[in-house]
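In what follows, a structure is listed as structure tokens, so that the remarks can point back to it.
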Amino acid sequence: MDYDRLLGLVKARRSIRGFNTDSIPDKDVDKIIEVARWAPSGANSQPWEFVVIKERTIRERIVEIVNGLREYSSQVELTRDENLRYPSAKKPFHEPGYKSAPVFIILCGDPRTKEAYPLLTRLTRGESHFSSSLANAFLYMALAASSLGLGSQWVSATASPFVQPLLKEYLGIPQQLEIYDMLALGYPDGNPRKRSVRSQMEMVHLDHFDKAKYRSDSELRDFIISLRQR
């Protein structure tokens, strides 16, 4: 793949909030996981386990479990300054768009693989290496899905301490493992909104940090508010 095709793929990857119910070929799911298992990881520890859910009744129960967190999350969000509140907290409850996605992939990590790290790394940066390794695999899955014409949504609520124990019990995931996040997969139902990203000039610093580009608290707050308004 040349650079332009890679950049086009990265730009095309979006979090999809609505899916149609068309099934995904098993070979495409296999391809997505094949890409993910080649992701870089700390000391090549490969901490990942992939739980693929295709059965509709199981997916519906997962959605129910995650939904149990949403009311509490909305109440907490409403305690923030109104301009900074996440938009969904202001809206009436509705079923999440990923509910109709025909495949869920729950990415789990095995903390015991941290033993692969050099001892000093494990003692000082073990958690960040572990999380970064799983993030790499997750991003690889999302990009692989985009390359196949599929949409995906990063369902981070599955890693919540309020949700994780319930999912582990329901899916038979060993307690020793950690749920990193869940990827919902399917064909997009419509076109996602355009995404706005900061310019390269704003974030690149040559040879040293350019303090003229350091954003003040108020500038950063305005940036976050602008994201909310979009």
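A short reminder: the numbers here are calculations on the coordinates, not readings from a lab. Please read these numbers as outputs of a predicted model, since none were measured by experiment. With ideal geometry, Cβ positions are generated from the backbone for all residues, glycine too; neighbour counts draw on all protein chains shown.
The figures follow:
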read-out: Formal net charge of residues neighbouring Phe104 (Cβ-Cβ distance under 9 Å; K, R +1; D, E -1); value: +2
read-out: Option label - mean projected area of the Cα convex hull in nm² computed here, alternatives (1) 12.0; (2) 17.2; (3) 15.4; value: (3)
read-out: Kyte-Doolittle mean at least -0.5, axial Cα span of 15 Å or more - DSSP H helices of the chain; value: 26-36, 119-147, 217-229
read-out: Qualifying chymotrypsin sites (Phe, Trp or Tyr not before Pro) for the range 56-119 [loop in DSSP, other Cβ within 10 Å: at most 11]; value: Phe93
read-out: Aspartates and glutamates with Cα under 15 Å of Lys168, excluding same-chain neighbours fewer than 8 positions away; value: Glu49, Glu64, Asp110, Glu178, Asp181
read-out: 25 Å Cα-Cα threshold exceeded, pairs from Lys114/Lys211; Lys91/Lys213; Lys27/Lys194; Lys11/Lys31; value: Lys114/Lys211; Lys91/Lys213; Lys27/Lys194
read-out: The range 46-120-the range 201-230 distance, computed between alpha-carbon centres (Å); value: 29
read-out: Pairwise FRET efficiency - Leu123 versus Arg221, Cβ, R0 = 41 Å, nearest 0.05; value: 0.65
read-out: For a label point 7 Å along the Cα-to-beta-carbon line of Asn44, residues of the range 126-157 with backbone N under 18 Å; value: 130, 133-134, 137
read-out: Distance (nanometres) between label positions extended 7 Å along Cα→Cβ at Asp2 and Phe162; value: 5.0
read-out: Value of [θ]222 nm, deg cm²/dmol, for the chain, DSSP H segments ≥ 4, -39500 (n - 2.57) each, nearest 500; value: -13500 deg cm²/dmol
read-out: Asp30, Asp181, Asp207 arranged by Cβ crowding within 10 Å, fewest neighbours leading; value: Asp207, Asp30, Asp181
read-out: Which of Ala36, Leu9, Ser160, positive extreme of dipole for the chain (C-beta unit charges); value: Leu9
read-out: Candidates Gln46, Gln200, Gln75, ranked by Gaussian network fluctuation over the chain, Cα under 10 Å, top entry; value: Gln200
read-out: Rel. contact order, % - alpha carbon contacts under 8 angstrom, at least six apart, the chain; value: 33
